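Before any comments, here is the structure.
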Amino acid sequence: MQASLTQALNGLRVSRETVQKLEHFAALFQKWARSINLVAPSTLEDLWRRHILDSLQLYQLSPGPKTWVDLGSGGGFPGVITAICLSEAEVGWVHLVESNNKKAAFLRVALRETGARGSVHPIRIEAAPAEIPSCDGISARALADLSQLLDYCAPWMLAEGSGTVAFFHKGRDYQQEVDKAVSRFQFDLIKHASVVEPDSVVLEIANLSRRTK
């Protein structure tokens, strides 16, 4: 593993096989990003730290053979990265929900060429629960504020007997979003400090319910 890559992984334990798949994904990403807008262009030079490492920490927080739904998968963060991690264990699956056809095409190529355990659903998020009736985990990154995300997650998390847990990457203003969300929802919350940005977090949310007026 290259020294620069070791530094980028920031101490996260990743096998050589997974690193090779991540390197292949990064090369694909850079190629496709020349023609379609997968992430903000200003962050491309810091792809490993800002996007790949930021996504990798999710699987470190919640490893194992889970069935995931990744909402608004965009350039594959964190969905494709989670699917690559699952490929080593040969169990689990990631359903990537992305309505943009160009981005969905990239995601299919990325999954196929890295051998990642996932599939692409080129549909709107609101239509996803009918196509993906249940899941263990939900992820989303740079998609919407927390209240909107919980609305998206409700069909899975409010289902009878559901044990679905959601993980959302959030920036420094996350507390404002939490304060807004608790006016409409009740939930258990764990705040995981980001390994990438000191003021950012991954919010882990479980036992969701709607507040009654």
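In table form, for the structure just shown:
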{"read-out": "Computed over the chain, Cα set: Rg, Dmax in Å", "value": "16.5, 56"}
{"read-out": "Segment 97-130-segment 71-87 distance, computed between alpha-carbon centres (Å)", "value": "9 Å"}
{"read-out": "Virtual paramagnetic centre 7 Å along Cα→Cβ of Glu17, amide N under 17 Å, in segment 49-77", "value": "64-66"}
{"read-out": "Segment 55-113 - convex hull of alpha carbons, volume per residue in Å³", "value": "67 Å³"}
{"read-out": "5 Å-binned pair-distance histogram of segment 40-145 (Cα, whole percent)", "value": "2, 13, 25, 26, 21, 9, 3, 0"}
{"read-out": "For the chain, calculated [θ]222 nm from helices alone, where every DSSP H run of n ≥ 4 adds -39500 (n - 2.57)", "value": "-11500 deg cm²/dmol"}
{"read-out": "Accessible area expressed per residue, the chain, with surrounding protein chains retained (probe 1.4 Å, Å²)", "value": "48 Å²"}
{"read-out": "Heavy-atom accessible surface of the chain: percent carbon and sulfur, 1.4 Å", "value": "47 percent"}
{"read-out": "Residues Asp188 and Asp46, FRET efficiency given R0 of 35 Å [Cβ-Cβ distance, rounded to 0.05]", "value": "0.60"}
{"read-out": "Equivalent ellipsoid semi-axes - Cα gyration tensor, segment 156-195, angstrom", "value": "21, 14, 7"}
{"read-out": "14 Å cut-off, amide nitrogen to a point 7 angstrom out along Ser35 Cα→Cβ, residues in segment 109-141", "value": "109-110"}
{"read-out": "Cross-link table Lys31/Lys180; Lys66/Lys170; Lys66/Lys191; Lys31/Lys191; Lys102/Lys180, entries beyond 28 Å C-alpha to C-alpha", "value": "Lys31/Lys180; Lys31/Lys191; Lys102/Lys180"}
{"read-out": "Computed over segment 90-213, Kirkwood Rh from alpha-carbon pairs, angstrom", "value": "15.7 Å"}
{"read-out": "Simple label model, 7 Å out from Cα along Cβ direction - Asp179 to Asn101, nm", "value": "4.4 nm"}
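The values are calculated or read from the model by the stated rules, or taken from the named source; none is laboratory data. This is a predicted model, so every value here is computed, not measured. Methodologically, a virtual Cβ is constructed for each residue, glycine included, from the backbone with ideal geometry; neighbour enumeration extends over all protein chains shown. The area values use the complete protein model at the heavy-atom level, side chains included, leaving out ligands, DNA and RNA. Shrake-Rupley method; radii C 1.70, N 1.55, O 1.52, S 1.80 Å.
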